[in-house]
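For reference, the structure discussed in these notes is given below.
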Amino acid sequence: MSATTPTGASMSASELERQLVVFSMHGEHYALPITSVREIIRYTAPKATGAANGLVQGMIVLRGHVLPVVDLSSRMGQMLEINNATRILVVEVAAGAVGLIVDTVDEVMLVPADQIEPIPVCDGALGEHIAKVEDSLITLVDAERALGYTLAG
């Protein structure tokens, strides 16, 4: 599938729409590009809390590999609440894989590019874009921005 822009340039299907993994934290909707989500697993309590610092809650072992687990809710001034719907999104960032604790994983959806726009007032902590889907607003998380510095130090 392709289309053209007003200038006549060709646009690929990926430029026309984005496939997103939509999840919830504290009643708000967020999304990551499906290409950055390796897998979704049930919540496992992080261990090695001596390795915890800031957003990193600790580590888990996933298929023989140590995975740092991050809680973004603290960055939003919220407390982490674990229940049966809590999941860990295994996300790829430049520094490697990281687990992101989320309240629920809602769905995988295709969002047309014309429904995604810059957030008008934004500190850029989680990302700079938002998707308007029906009556909902979904913040698009930039994994490198939201998580990258956590793994560097």
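The values are calculated or read from the model by the stated rules, or taken from the named source; none is laboratory data. A quick note: this is a predicted structure, and the numbers were derived from the prediction, not measured. Please note: Cβ atoms are built from the backbone with ideal geometry, for glycine as well, and neighbour counts cover all protein chains shown.
Within region 20-73, the set of residues being part of a strand (DSSP E or B) and closer than 14 Å to T139 by Cα comprises L20, V21, V22, F23, S24, M25, E28, H29, Y30, A31, L32, P33. Contact map, region 20-34: first residue closer than 11 Å to M109 by Cβ, second residue small (G, A, S), Cβ cut-off under 7 Å, separation 6 or more or different chains; pairs are L20/A31; V21/A31; V22/A31; H29/S136; A31/A131.
To keep it simple, each residue is scored yes or no on (1) at pLDDT below 90; (2) under 14 Å from the mean Cα position of the chain (by Cα).
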site	(1), (2)
M11	yes, no
L20	no, yes
H29	no, yes
P33	no, yes
V37	no, yes
I40	no, yes
Y43	no, no
P46	no, no
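The lone criterion from (1) farther than 14 Å from T139 by Cα; (2) among the β-branched types (V, I, T); (3) touching an Asp or Glu at 6+ places or on another chain (Cβ under 8 Å); (4) modelled with pLDDT under 95 left unmet by I119 is number (1).
Applying the set (1) under 17 Å from the mean Cα position of the chain (by Cα); (2) of a type outside the set (K, R); (3) at negative phi to G96 leaves exactly one unmet item: (3).
Residues in region 131-153 that are assigned to a helix (DSSP H, G or I) and not small (G, A, S) were compared, and the one that is modelled with the highest pLDDT is E144.
Checking each residue in region 77-112 for being among the aliphatic types (A, V, I, L, M), out of contact with any Gly (no Cβ under 9 Å at 6 or more places or on another chain) and exposed (fewer than 14 other Cβ atoms within 10 Å of the Cβ) picks out M79, I82, A85, V108, L110.
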